[in-house]
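A quick write-up on the structure given underneath.
The values are calculated or read from the model by the stated rules, or taken from the named source; none is laboratory data. On a predicted model such as this, the values are computed, not experimentally measured, just so you know. Counting neighbours? That spans all protein chains shown, and the Cβs are built from the backbone with ideal geometry, glycine included.
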Amino acid sequence: MTLKLGVPSKGRLMEKTFDWFADRGVALSRTGSDREYAGAVEGIEGIALVLLSAGEVPRELAAGRIHLGVTGTDLIHEKLALWERQLTEIAPMGFGHADLVLAVPRLWVDVDTLDDLDAAAAAFRDRHGYRLRIATKYHRLTREFLQGAGVADYALVDSQGATEGTVKNETAEVIADITSSGETLRANHLKILADGLILQSQATLWQSRVAAYAPEDEAALAQLLDRIAGGAAAS
Amino acid sequence: MPTRAEVLARAAALRERFEREGALTVETPILQPAELLLDLYGEDIRARAYVTSDALRGEQMLRPDFTVPVVQMHMAQGAEPARYTYAGEVFRRQEHDAERANEYVQVGYEVFDRTDVAAADAEVFALFAEALSGLNLRAATGDIGILMAAVAGLDTTGARKAALLRHIWRPRRFRALIDRFAGRTPVPPTRAALLAAADPFADAGADIGVRTREEIEARIATLRADAAAPPLDGAQLAALETLAEVRGPAPQALARIEALAADLPSIRPALERTRARLAALDARGIDTATLDFEASYGRTSMEYYDGFVFGFYAPGRDDLPAVATGGRYDALTRRLGNGAEIPAVGGVLRPGLMLQLEARS
């Protein structure tokens, strides 16, 4: 058996993850050609690197097919109900910061809070005959947030990308999406509601409580946790 | 746990009991068009119902209850008066409590009858009390109509009353609105700035989206009118808040509500209906002297009810959901009736829970 560590397979998230582990004396690398999804772990015996999409890490952890995984808090909370029963958070990694927020057109000078949004939704439904549409790919998080706040008369419409453009394209009136600097929102004539922060997310290392751990896996895990507890090496 | 066969046998026996009262047995499809349920309950229903879809019919929901399809069927083709019964599975998505069943059998009894509303309420409640008599359950009752009448009768603007009525089933948002209309929460600074601005649209950016500048101006006008309206009357507010907390044996609870009618005279007709119902329950042999009455009962879970509401619970078993629930839903018949409406009351029993409780006792 080997301890399986799932890491996002491409882009900045992968590079930052490699850097984070390197700072703790664990060298992760891709092997083979640029296009081959294979990797290696050096520094601790008995750990295997699994490269996969960040969006699949929650499912794989919950199924116990990987023991450890790196992905954003947003994806864990969105995809897994009762995630605390299935996973343990080992360490927030200090990068990949992003906020899931509700944003409305800047034109909506009358809407600054959830209270306003709810009132605007009621008037919108009366006027247009359908519910105010909120474009998002974070359906569960958005719905639970709005339900908790007592906002009614809205409909969630699915948007898997370019969500900021849906308002101008008139396929939605409001969006719930991830933002880091807010620049894309501004460029698309949108503003964040004052109390519209649904979740603050960052890249995080998670451990599966569901996966089977052989004695050698436990040993490898203990070594790794030790390195992490020791923090980043002074450089 | 009872077996599926035992549950179905009990369900059939209960349905036969309701047939002897003159109810017609009806069936409804398990797959319901999602659009109607979403229109009625909003997006929140997705947290409670399983949604599926195909490319031809679009989104469908696994039947979360029978009431909506039965009302639809009656409004489309039913003769009056009518009594219906049904038995079958309902499906409830569970995201927070793995112990709760996501599929269980319900048996229902629904009465569409405009001759004597109080008698129809009492008929449903008494039949359920009889079906559950061996289980020593606690009955809870209430009447959402009293609270709705209190709100409708407040001396304030129509917009405020409409906002409060819209959120009567969401107590937290209701409370926040009350606090704002009473002047207890300060006006948010952005709201004050908006109303004071010479040109509210100075920083508005581009005109995008379906919601137009004119709609936004209309809402600003509403906000101005609201800012100019006086806060809710102190005596009425105190009476409304006391009303929401009233709870106790029916005679005492009603006496307390009667005392509040001095400040909230609009509740008198609803109070009279409640009295008539208690008399009808008495006539059916229900001990109304000890029957529990809560003015806010059903406010968090029973959104289509707009009058009498009731539930039966196993004492000391807070881990179990209600064994039976029901109520009056006149407004739902209006909503689904395309202009027609009829007073309607009904409820559902859970034979699986009944068997489970019988096995323990």
*Hand me the list of helices (runs of 4 or more DSSP H) wholly inside the stretch A:7-86 holding 3 or more residues that are within 30 Å of B:ALA98 (Cα to Cα) and assigned by TED's automatic domain parsing to the domain that holds A:ALA211.*
A:57-63, A:73-79, A:83-86
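One line per residue, one yes/no per condition, for (1) crowded, with 16+ Cβ neighbours inside 10 Å; (2) touching a helix residue (DSSP H, G or I) at 6+ places or on another chain (Cβ under 9 Å); (3) closer than 25 Å to A:VAL174 by Cα:
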site: B:ASP155; (1), (2), (3): no, yes, no
site: B:ARG166; (1), (2), (3): yes, yes, yes
site: B:PHE181; (1), (2), (3): yes, yes, no
site: B:GLU215; (1), (2), (3): yes, yes, yes
site: B:ALA218; (1), (2), (3): no, yes, yes
site: B:LEU223; (1), (2), (3): yes, yes, yes
site: B:ALA229; (1), (2), (3): no, yes, no
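Report, by residue number, each residue of the stretch B:152-173 that is more than 23 Å from B:ARG224 (Cβ to Cβ) and not basic (Lys, Arg).
Residues of the stretch B:152-173 that are more than 23 Å from B:ARG224 (Cβ to Cβ), as a first pass: B:152-153, B:168-172.
Correct list: B:ALA152, B:GLY153, B:ILE168, B:TRP169, B:PRO171.
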*Do we find that A:HIS97 is more than 14 Å from chain B (Cβ to nearest Cβ) and within 16 Å of the chain's Cα centre (by Cα) in this structure?*
yes
_Within the stretch A:94-108, does at least one residue satisfy the condition of being crowded, with 23+ Cβ neighbours inside 10 Å, in contact with a Lys or Arg (Cβ under 9 Å, 6 or more places away or on another chain), under 21 Å from B:ALA162 (Cα atoms) and not acidic (Asp, Glu)?_
no
*Looking only at the stretch A:21-37, which residues are under 25 Å from A:THR73 (Cα atoms) and in contact with a strand residue (DSSP E or B) (Cβ under 8 Å, 6 or more places away or on another chain)?*
A:PHE21, A:ALA22, A:VAL26, A:ALA27, A:LEU28, A:SER29, A:ARG30, A:TYR37
_Selection from the stretch A:158-178 of residues that are within 19 Å of the chain's Cα centre (by Cα) and under 29 Å from B:ARG172 (Cα atoms)_ = A:ASP158, A:ILE175, A:ALA176, A:ASP177, A:ILE178
*Being farther than 21 Å from B:GLU103 by Cα and part of a helix (DSSP H, G or I) is the filter; apply it to the stretch B:37-50 and report the residue that is farthest from the other protein chains (Cβ to nearest Cβ).*
B:LEU40
*Are any residues in the stretch B:151-187 part of a helix (DSSP H, G or I), more than 10 Å from chain A (Cβ to nearest Cβ), touching a residue at least 12 places away in the same chain (Cβ under 8 Å) and not charged (D, E, K, R), and if so, which ones?*
B:VAL151, B:ALA152, B:LEU164, B:LEU165, B:ILE178, B:PHE181
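Within the stretch A:62-81, is even one residue within 11 Å of another protein chain (Cβ to nearest Cβ) and in contact with an Asp or Glu (Cβ under 9 Å, 6 or more places away or on another chain)? Walk me through how you get there before you give the answer.
Step one: of the stretch A:62-81, the residues within 11 Å of another protein chain (Cβ to nearest Cβ) are A:80-81.
Now restrict to residues that are in contact with an Asp or Glu (Cβ under 9 Å, 6 or more places away or on another chain): A:81.
Yes, there is a match, as at least one residue in the stretch A:62-81 is within 11 Å of another protein chain (Cβ to nearest Cβ) and in contact with an Asp or Glu (Cβ under 9 Å, 6 or more places away or on another chain).
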*Name the residue, out of A:LEU141, A:LEU107, A:LEU197, that is outside any strand (DSSP E or B) and away from chain B (no Cβ under 11 Å).*
A:LEU141
_Regarding the stretch A:113-136, can at least one residue be identified that is crowded, with 23+ Cβ neighbours inside 10 Å, hydroxyl-bearing (Ser, Thr, Tyr) and outside the structural domain of A:ARG24 (by TED's automatic domain parsing)?_
yes
*State which residue is farthest from A:PHE145 (Cα to Cα) when the search covers only the stretch B:125-179 and only residues that are of a type in the set (Lys, Arg) and modelled with pLDDT of 95 or more.*
B:ARG138
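Among the candidates B:ALA23, B:ALA12, which residue alone is in contact with a Ser or Thr (Cβ under 6 Å, 6 or more places away or on another chain), farther than 22 Å from B:ARG93 by Cα and not charged (D, E, K, R)?
On the way: B:ALA12 fails: in contact with a Ser or Thr (Cβ under 6 Å, 6 or more places away or on another chain).
Just one listed residue meets the conditions, B:ALA23.
Residues checked against (1) in contact with a Phe, Trp or Tyr (Cβ under 7 Å, 6 or more places away or on another chain); (2) part of a loop (DSSP other than H, G, I, E, B); (3) aliphatic (A, V, I, L, M):
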position	(1), (2), (3)
B:GLN72	no, no, no
B:MET75	no, no, yes
B:GLU80	yes, yes, no
B:GLN94	no, yes, no
B:ASP97	no, yes, no
B:GLU123	no, no, no
B:ALA126	no, no, yes
*Within the stretch B:36-69, how many residues are modelled with pLDDT of 90 or more, within 17 Å of the chain's Cα centre (by Cα) and β-branched (Val, Ile, Thr)?*
2
_Failed item, numbered, when A:ASP195 is tested on (1) in contact with a helix residue (DSSP H, G or I) (Cβ under 6 Å, 6 or more places away or on another chain); (2) buried (at least 20 other Cβ atoms within 10 Å of the Cβ)_ = (2)
_Looking only at the stretch A:220-235, how many residues end up being small (Gly, Ala, Ser) and touching a Leu at 6+ places or on another chain (Cβ under 9 Å)?_
1
*Matching residues, the stretch A:154-188, being in a loop (DSSP other than H, G, I, E, B), within 7 Å of another protein chain (Cβ to nearest Cβ) and surrounded by fewer than 20 Cβ atoms within 10 Å (Cβ to Cβ)*: A:LYS168, A:GLU170
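Does B:ASP97 meet the test of being without any contact (Cβ under 8 Å) to a residue 40 or more places away in the chain and over 21 Å from the mean Cα position of the chain (by Cα)?
Numbers: without any contact (Cβ under 8 Å) to a residue 40 or more places away in the chain: yes; over 21 Å from the mean Cα position of the chain (by Cα): yes.
In short, yes.
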_hydroxyl-bearing (Ser, Thr, Tyr) and within 24 Å of the chain's Cα centre (by Cα): is that true of B:THR242 in this structure?_
yes
